[in-house]
Structures are given as C-alpha cells and as structure tokens.
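The values are calculated or read from the model by the stated rules, or taken from the named source; none is laboratory data. Computed from a predicted model, the values in this text were never measured in an experiment. We place every Cβ from the backbone using ideal geometry, glycine too, and count neighbours over all the protein chains shown. When the accessible area is computed, the model is the full protein with side chains, heavy atoms only, and any ligands, DNA or RNA have been set aside. Shrake-Rupley method; radii C 1.70, N 1.55, O 1.52, S 1.80 Å.
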Amino acid sequence: TIFGFNRAGGVAVTLPSPAAGLCYKFLIETTFTTAGSITTATSDGTDGFLGNISIYDTGEVGETDNFQASASNDSIDLGSIEQGWLTGGWITVTGVNSTTWWIEGLLLGDGTLATPFQDAP
C-alpha cells in the first residue's frame, strides 16, 4: 500500500504489528511545517526497525548521510528539516516477521542532518 504525506501540519502514523510480507510505502508529498512520525504498534521495544535511511542535504551539493536503525528503535521521527521532512522523500517498511520491520528510504533535508530513528519515550 502506498500513502502520501501531504499535510504540511505533519502526519503521525502508527503501524500495525509486523507480519512477513506486509509492506507500506510513504511518500512525502508536502514539506512539513511541524513534526511527522511513523511508529510501531508497540512502544516497549518488542516491535522494531532494521535497515537504513539516506538523507540528502538539499543545501549542499553532494552531502548525504546514511542512518542505520537498531532493533530497539520503534519510531521514525520526521520532526525537523534535518531529519528529512522536505517534499520528495520516501520510506518503505516491510514486515520481516512478527517483531521486525525492514526499513529503507531516501529523505531530503537541510542543515546538519540527523537520524530519524528513535526509541519510544
């Protein structure tokens, strides 16, 4: 399933529990002016992300950072321009098993790029 993030005020998505083969793609169609996020169904570390997201700095030619998720991460935070909330990015999440989402994506940001992967508060 493909979803477009097209609300400048931000979007908060809670994924269902992962299952092998379940796949969602999120397209950033509008630059956010406030936080956006994608979180797992649980926030206790039992569901998590593996994989990586690359963020391209639109203000610096050739500047790119690659951020790796760890198994304890259960939130993708698009809360700032440095975390890749600009129009044109995408994130795909694919269920590997009953506890893990595989993440891949390319985001567009600016400034000192920062990881979008977070543990639940």
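Structure notes:
- In the chain, the DSSP beta bridges split such that about 55 percent are antiparallel, to the nearest 5.
- Karplus-derived 3J(HN,Hα) values for region 16-31, using 6.51 cos²θ - 1.76 cosθ + 1.60 with θ = phi - 60°, are x, 4, x, 8, 3, x, 5, 9, 10, 10, 10, 9, 8, 8, 9, 5 Hz; glycine and proline are entered as x.
- Using a probe of 1.4 Å, the accessible surface attributed to SER72 totals some 60 Å² when neighbouring protein chains are kept in position.
- The modelled label-to-label distance between ASN52 and LEU106, using points 7 Å beyond Cα along the C-beta direction, is 1.5 nm.
- With protein chains left intact and a 1.4 Å probe, residues in region 31-121 average 44 Å² of accessible area per residue.
- Per-residue Karplus couplings for region 94-109, computed as 6.51 cos²θ - 1.76 cosθ + 1.60 with θ equal to phi - 60°, are listed in order as 10, x, 9, 7, 7, 10, 9, 9, 8, 10, 8, x, 9, 10, 10, x Hz, Gly and Pro entered as x.
- Residue-count net charge about PHE32 - beta-carbon cut-off 15 Å; Lys, Arg +1, Asp, Glu -1: -3
- With every protein chain in place, the chain: carbon and sulfur % of accessible area (1.4 Å): 53 percent
- Alpha carbon convex hull of the chain, volume per residue in cubic angstrom: 85 Å³
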